[in-house]
Structures are given as structure tokens and as C-alpha cells.
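The values are calculated or read from the model by the stated rules, or taken from the named source; none is laboratory data. Since the model is a prediction, treat every value here as computed from it, not as a measurement. Don't worry about glycine lacking a Cβ; one is built from the backbone with ideal geometry, like all the others, and counts go over all protein chains shown.
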Amino acid sequence: MAARTHLFEAVYTSLQRFAKRLSKRPVISALTRATLRGQKNKQKDMAASIAYFTFLSLFPMILGLFAIAGQLLKAEEAQERLTEFFINLFPVSSDYVESNIESLVHLRGAMGVLSVVLLMWSAKKMVSAIRRSINEALGFSRPFALYLSPLRDFGLTLGIAVIVFLTLTVTPIIEVLSKFELSFFSDQWNAFFNVVSSLLGRFIGSAILIAAIYLMVPFRRLTLGDIIPGVLFATLAIEFGKELFSIYITQVSPLQPVYGSVSTVIATLIWLYFSARILLFGSELIAVLRMTPDSKSSLPEERQNEDSD
């Protein structure tokens, strides 16, 4: 018994030494401090709030985007590009996403400017939840009156809609690149190039959207140098997470036997929660890397609790 206890103590001591050496590496140190900040800032609760309000705001946002796209592009082209965007955004059944979008557009019909404004106003709850959580993670307090928050959130919603349309411009470029075949490469290499081009397009689209959130949402101006680590981490985690999540819900632990007809809804909520956790962790990572050496051991003191808008 004594020998077993001694063995456990030796293993525990060795693990402590290994963890201490590992924590001295800059990357591991930053990730560890970001994790600790997330725990102190109740990141799990904030991510749940973002997932809930995003789910409620998702369909008004989709309708608003389709209405705007219908004015700028041909109706069929706009619907095709936006549908593909949302299918790539959510690693759930593509048939589920596509059928719901088609039903929404068909039931809503043509919409005027006022309808678009009302839809985007309804969708601002998502931005409001993201705004509160990211600024809490960064330690930024609100520099304006509380009653101005809804107007700012509405402006951010419109800004994100513009960013979505900008990301849609990446798709045709990637499609052209994916169809470009080099004669001096074999068919296998051209097929590999096509796959890489498709993945690159998804990566760029996600990175643009995440970077826009990190630049537009905080109460203080952040530079591209400030947000690059958070954007890279969040983009890689979300893109790889999509593949792993799809495998998990289809092969490892299917939701259909447990949740039945609402399994796709549950899967969407789980994915939204995971994405929110990644987005907030990227914010914590940005905050950690922006700290001066003297302030690395403490959280920013500047806080201001906000009521739900």
C-alpha cells in the first residue's frame, strides 16, 4: 500500500513539473490564462445566452438577408448563394436548412424596405447578446447611455449583414479557382487542388465574419494586430469543429433516437453554443495578449454590469 502511494505521489509530482515547464511556453501560457479568464467571466453562461438569442434571431436575419439580396441580385442567384452560405455555416442536415429557407421565403413573399427594417430590428437581439459577452470578456465598459444600446445593436446588425454579402463575393472567386486545372499536374493533384480551394473559401469566409465581429462589436477600437490571434484560433476551431460535430451527431451519438422530430433543432442549438464558446474564447485570448506584463495576473478592473436589453 505504501509503495502504491509513493508511486502515485511520484507520478503526480512529475505531472506537476511537466505542467509547469509547459506553462512557460508562450502559446500554452496564453491559452491557459484565456481559459482561466473565461471561467471567471462565466463564459459558459454567456455562450448559452448567445446561442439562445441567436436561435431566436436566426430566421428574421435570414429573411432580412434574402430581402436585401433580392434587391441587389437576381432572386434565384441570391437565394442560391445565401442558402449555400447558411448550409456551410451550420453542420446539420443540409436538407433541413435548405427546406426551411425555401419555406420562409415562399411564405413571406415580396418585402418592402419597412419589412426589412423590422426584420433586422428583430434580429438585433443576437448582436446584443454577442456585444455584451464580448465586451465583458475584453473588460470594456459601455461608453454611452443605456438607451442608445438598441440603436447601436441595430447598426451592428446591418453591418454584419453587409459583411455577409461581402463574404458571398468570395464564393465565385473560389469556384473559378477550383475549376482551373493545370495541364502539367495529374488529375489527382487537380482534384486535391479543388478540395483545398473549397476549404480555403470556407476558411476565408469564416475568418472575415469573425474578424468583423471582433472589430465592430467592442466598445474600444481594436487593431488587426490585436485580433489576428483570436480570429485564427476561432476560425480554425469552428471549421474543424464543423467536421467533428457532423461525425459526432451522425455516427458517434445520433440525436434522433432521443429527441425524435426536434433532433435537428437540438443539434442547431448545440452547435450555436459551441460556436459561441469558441467566439468568446477568442475574445479572452485577445484580452490576454493585449495585457501588459504587469497586469497579466489580474483581470481588468474596468467592468460595468449591463441589464438585458
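Listed values, structure above:
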| quantity | calculated |
| --- | --- |
| Contacts under 8 angstrom Cβ, first residue in segment 82-96 being surrounded by fewer than 17 Cβ atoms within 10 Å (Cβ to Cβ), partner at pLDDT below 75, 6 or more apart | E84/T171; S94/I87 |
| Unmet criterion (only one of (1) among the hydrophobic types (A, V, I, L, M, F, W, C); (2) touching a Leu at 6+ places or on another chain (Cβ under 7 Å); (3) at pLDDT 85 or above) for I28 | (3) |
| Selection count where residues are in contact (Cβ under 8 Å) with a residue 60 or more places away in the chain and of a type in the set (D, E, K, R), scope segment 24-42 | 3 |
| So Y214, is it surrounded by 14 or more Cβ atoms within 10 Å (Cβ to Cβ) and in a helix (DSSP H, G or I) | yes |
| Lone qualifier among R202, R220 - being at pLDDT below 85, among the charged types (D, E, K, R) and at negative phi | R202 |
| Number of positions in segment 251-292 that are within 21 Å of F55 (Cβ to Cβ) and part of a helix (DSSP H, G or I) | 27 |
| Answer residue from segment 143-181, given it is in a helix (DSSP H, G or I), modelled with pLDDT under 70 and of a type in the set (D, E, K, R) and is nearest to F86 (Cα to Cα) among those | E175 |
| Boolean, V117 is farther than 22 Å from I227 by Cα, among the β-branched types (V, I, T) and part of a helix (DSSP H, G or I) | yes |
